[in-house]
Amino acid sequence: MNRIDQLFKDKPGNILSLYFTAGHPALNSTTGIIKTLARAGADMVEIGIPFSDPMADGPVIQQSSDKALKNGMSLSILFRQLRDIRNEVTIPLLMMGYLNPVMQFGLDNFCRNCMETGIDGVILPDLPLDLYLEEYRETMKKYELHPVFLMSPQTDNDRIRLIDQTSGGFIYMVSSSSTTGTRDSFSPEQIGYFERINGMNLKTPRLIGFGISSRETFSMACKYARGAIIGSAFIKMLDSKGDDEASIRSFIQSIRIG
Amino acid sequence: MDFEVNPKGFYGEFGGAFIPEMLYPNVMELQRNYLNILHDAYFQQEYRKLLKDYVGRPSPLYFAPRLSGFYQTRIFLKREDLNHTGAHKINNTIGQILVAKRLGKTRIIAETGAGQHGVATATVCALMGLKCIVYMGKIDAERQAPNVLRMKMLGAEVVPVYSGNMTLKDATNEAIRDWINHPADTHYIIGSVVGPHPYPDLVTRLQAIISEEMKRQLREQTGNENPGFIIACVGGGSNAAGAFYHYLDNPEVRLIAVEAAGKGIDSGESAATMALGHPGILHGSRTMLMQTEDGQITEPYSLSAGLDYPGIGPIHSHLFKTGRAVYENATDEESLEAAFRLTRLEGIIPALESAHALAFLDKGRFKPDDVVVIILSGRGDKDMDTYIRYMEKHDM
């Protein structure tokens, strides 16, 4: 069974997924961060592929992406770094990034490398759903990768049903109409949106992302979905406190609620 | 051969709408409505009236006698430089602001490089009383300071962009991010034939007024609506797309687009996308792009800020691939020479962008009875600092 499916089967709620950009803060910090996150109790990790023009990202992830590229990160280096990751790490791992670097690497080559590395799913925010269905689905299936799709507060019900049918493992539920970044709390409109989606009885579990930064926002998100994803707040912490074991552990402990 | 966009937004293998889910509703709203709006008789009436009374169209098609004598051929200039705000950009912004009003939008955003599209957007927002926010790379805002002041005088908020290399590509990213953050009330007026479907087609259709007028004007002046050559500069490629549009199915009309070679194709400082790029995805469409082997977008260079873009509209990638149009390039130096030649022979100071099209006159082979139309996409006021430096350097 795909490790993402296994996780959602085993753990009923409070799933904590972390995003960071590969190659940030240092070129070779990638595997150390993943291993530490796994030891510290993260349920899942999304490995960000840096891109020069991350149009859906706020300033924190933009800067981490710039830094990673300056450090020399590329997909071929990333796959080399991850070669032995499955010797030590058993939690689900996903790759997340924009389409162009994947296209230049070659979709088949990318997916094959993902499978050989032990990657469980792929999130490509600028890959349109209809194009995925027409041109990408077979390749991702062949390499047993879950394609994770996003939904936003503006997504209409018909499209949510289609995303529910198509998204593999879980649906990435964007918490507000915004780029990535941190927020202190959720507005009544956001809560209304979480409740509305809860009422749709979707078959695919959801994780809430964008704007989750603290135990408060995490536990609130967990009331309305199986868990949540933290990106910018984690990257900010890496910038200010470093990627050593103690910093990462204390960050995870400050968020986790079981 | 079919050069129209297909229902999914592709020109052959290029185009499409590669957008994150957060933008899907905005882009779909535009996809579903743009053709109905453009074909609506009342829209057309309003658009045409504004083009005539406000922009000053039709722009003249001017037979340039001394330039023709110099090059021993028959050269006509399509005078987009005489439009209100000084360039072809306003053809698009007039049309898009009317589209935005019909969609009930109250807030307008735009990106700008040289500031021409920003000024054209700020102008139509003042005209319609709509809030206007223009994203401009910090470097561009510094080197095009007069246009920043024009936008501010017109009531627009100019937001300097500090991300990436702080130029047009980054301003476009920031405008897209603004749109993601304001999904309900905001229309994004893209300034060229780039971006997700339907923008390339929408902007092409709004700029197609250029070739529509040319047909009529050429028939009146030469007896034949088809010229031998149409030559236009390309960055994103909106003036070229508009100038080619009504001639795409006439293979006897040779279409020539001129990119900015900067300091030379092999100098590492160039913006000639067709010569240096390969297919990729940026700003919502699949098109030719200047990029590294790893798919990171590279920073282009041209002395001309309006051509300083690492991509090109997907319609051009398709015209390039099919061979329907030819993509040439001109260096900074060749374009500066061409700008002074036009100025001294015809008394017209062109924009540095348009001078790239003029520079092709030195490279093409034209017969004495060929009709050659050059799109003079903008006027040179904004480039005076550059031109003055050139005069000082060459003791003119």
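Partner chain Cβ atoms within 10 Å, averaged over the residues of B:38-46 - can you pull that number for me?
Details: counts 0, 0, 0, 0, 0, 0, 0, 0, 0.
What the average comes to for B:38-46 is 0.
On full extension of the chain, what length is gained from B:ASP369 through B:MET391, given 0.36 nm per residue of separation minus the C-alpha to C-alpha distance? Please list the in-between numbers first.
Details: separation 22, 0.36 × 22 = 7.92 nm, distance 3.40 nm.
Between B:ASP369 and B:MET391, full extension yields 4.5 nm more.
Quick one: Debye curve from the alpha-carbon atoms of chain A only, equal weights, vacuum; give me log10 I(q)/I(0) at q = 0.09, 0.10, 0.14, 0.17 Å⁻¹ to two decimals.
-0.35, -0.43, -0.91, -1.45
Can you list the cysteines of the protein assembly as shown that have no other Cys Cβ under 4.7 Å away?
By the Cβ distance rule, which asks for a partner under 4.7 Å, the isolated cysteines are A:CYS111, A:CYS114, A:CYS222, B:CYS233.
At q = 0.10 Å⁻¹, what log₁₀ I(q)/I(0) does the protein assembly as shown have when each alpha carbon counts as one equal point scatterer in the Debye sum?
For the requested q values the scattering log ratios are -0.89.
Please give the Cα centre distance for region A:27-46 versus region B:126-195, rounded to the nearest Å.
38
For B:SER302, A:SER240, give the ranking by accessible area with the largest first, probe 1.4 Å.
Details: B:SER302 0, A:SER240 90 Å².
The residues order as A:SER240, B:SER302, largest area first.
With r defined as the distance between the Cβ atoms of A:ASP84 and A:GLU216 and R0 fixed at 35 Å, what FRET efficiency is calculated, to the nearest 0.05? Kindly include the intermediate steps, with their values, before the conclusion.
Working: r = 37 Å, r/R0 = 1.07.
Rounded to the nearest 0.05, the efficiency is 0.40.
Expressed as a whole number of Å, what is the distance separating the alpha-carbon centroids of region A:180-258 and region B:1-61?
About 40 Å separates the Cα centre of region B:1-61 from the one of region A:180-258.
What translational diffusion coefficient, to the nearest whole µm²/s, does region B:290-396 have by Stokes-Einstein, given a Kirkwood radius computed over alpha-carbon pairs, a temperature of 20 °C and 1.002 mPa s viscosity? Display every interim value, and only then the final one.
On the way: Rh = 15.6 Å.
In µm²/s, the coefficient rounds to 137.
Each label point is 7 Å from the Cα along the Cα-to-Cβ direction; what then is the distance between the points at A:ASN109 and A:LEU133, in nm?
Modelled inter-label distance: 3.0 nm.
By per-residue mean of other Cβ atoms within 10 Å, what is the highest-first order of B:216-229, B:383-396? If you can, show how the numbers build up before the last one.
Working: B:216-229: 15.1, B:383-396: 12.8.
By packing density, highest mean first, the sequence is B:216-229, B:383-396.
Can you give the Rg and Dmax of region A:52-92 based on its C-alpha atoms, in angstrom?
Rg and Dmax of region A:52-92, Cα atoms, are 13.1, 35 Å.
So what is the orientation-averaged projected area of region B:1-104, using the convex hull of its C-alpha atoms, in nm²?
Values: hull surface 40.8 nm².
Here the figure is 10.2 nm², rounded to one decimal.
Using heavy-atom solvent-accessible surface (probe 1.4 Å) with all chains present, what is the largest-first order of A:ARG206, A:ARG249?
Values: A:ARG206 30, A:ARG249 80 Å².
The ranking, largest first, comes out as A:ARG249, A:ARG206.
Using only Cα atoms, figure out Rg for chain B and give it as a multiple of 2.2 N^0.38 Å. Spell out each step's value before the answer.
Working: Rg = 19.4 Å, N = 396, 2.2 N^0.38 = 21.4 Å.
In units of the globular-protein estimate, chain B measures up at 0.91.
Considering only DSSP beta bridges where both residues belong to chain B, give the percentage that are antiparallel (nearest 5). Can you show the working numbers first?
Values: 14 of 49 bridges.
Around 30 percent of the beta bridges assigned by DSSP in chain B are antiparallel ones.
Karplus couplings for region A:169-182 from phi (6.51 cos²θ - 1.76 cosθ + 1.60, θ = phi - 60°), rounded to Hz, Gly and Pro as x?
Taking θ as phi minus 60°, the curve returns x, 7, 9, 8, 8, 6, 6, 8, 7, 6, 7, 5, x, 9 Hz for region A:169-182.
Starting with the highest mean, order A:144-157, B:230-243 by the number of other Cβ atoms within 10 Å, averaged over the residues of each peptide.
On the way: A:144-157: 20.2, B:230-243: 30.6.
Output ranking for A:144-157, B:230-243: B:230-243, A:144-157.
Just how much of B:PHE244 is accessible, in Å², when a 1.4 Å probe is used and the result is rounded to the nearest 10?
Rounded to the nearest 10, the figure is 0 Å².
What whole-number value in Å² describes the accessible area per residue of region A:111-253 for a 1.4 Å probe?
Details: 5660 Å² over 143 residues.
Using a 1.4 Å probe on heavy atoms only, each residue of region A:111-253 averages 40 Å².
How much accessible surface area, in Å² rounded to 10, belongs to the heavy atoms of A:CYS222 with a 1.4 Å probe?
20
Could you sort B:ASP178, B:ASP362, B:ASP266 by accessible area so the largest value comes first, with the probe set to 1.4 Å?
Ranking B:ASP178, B:ASP362, B:ASP266 by accessible area, largest first, yields B:ASP266, B:ASP362, B:ASP178.
Averaged over A:100-106, how many beta carbons belonging to a partner chain fall within 10 Å of each residue's beta carbon?
Values: counts 12, 7, 2, 6, 11, 3, 0.
Mean inter-chain Cβ contacts per residue within 10 Å come to 6.
Tell me the label-point distance for the pair B:ASP2, B:GLU220, using the 7 Å Cα-to-Cβ offset, in nm and rounded to one decimal.
Result for the modelled spin labels: 3.6 nm.
Checking a compactness column here: for region A:109-258, what do you get for Rg(Cα) / (2.2 N^0.38 Å), N being the number of residues?
Cα Rg divided by the expected 2.2 N^0.38 Å: 1.12.
Mind running the shape call on region B:112-213? Use the C-alpha gyration tensor, a ≥ b ≥ c as the square roots of the eigenvalues: rounded below 1.5 for a/c, prolate if a/b tops b/c, oblate otherwise.
On the way: a/c = 1.38, a/b = 1.25, b/c = 1.10.
Taking the square roots of the gyration eigenvalues as a ≥ b ≥ c, region B:112-213 is rounded.
For the pairing of chain B with chain A, what total accessible surface becomes buried, with a 1.4 angstrom probe, in square angstrom to the nearest 100? Display every interim value, and only then the final one.
On the way: alone 15350 and 11010 Å², together 23590 Å².
So the total buried area for this chain pair works out to about 2800 Å².
Could you compute the FRET efficiency for B:GLU293 and A:ASP244, with r as their C-beta to C-beta distance and R0 at 45 Å, rounded to 0.05?
Details: r = 34 Å, r/R0 = 0.75.
The calculated FRET efficiency here is 0.85.
The values are calculated or read from the model by the stated rules, or taken from the named source; none is laboratory data. Model, not experiment: these values are computed from the prediction. Quick reminder, even Gly has a Cβ in these numbers, built from the backbone with ideal geometry, and neighbours come from all protein chains shown. Each accessible area value is taken on the protein alone, full model and side chains, heavy atoms only, with ligands, DNA and RNA left out. Shrake-Rupley method; radii C 1.70, N 1.55, O 1.52, S 1.80 Å.
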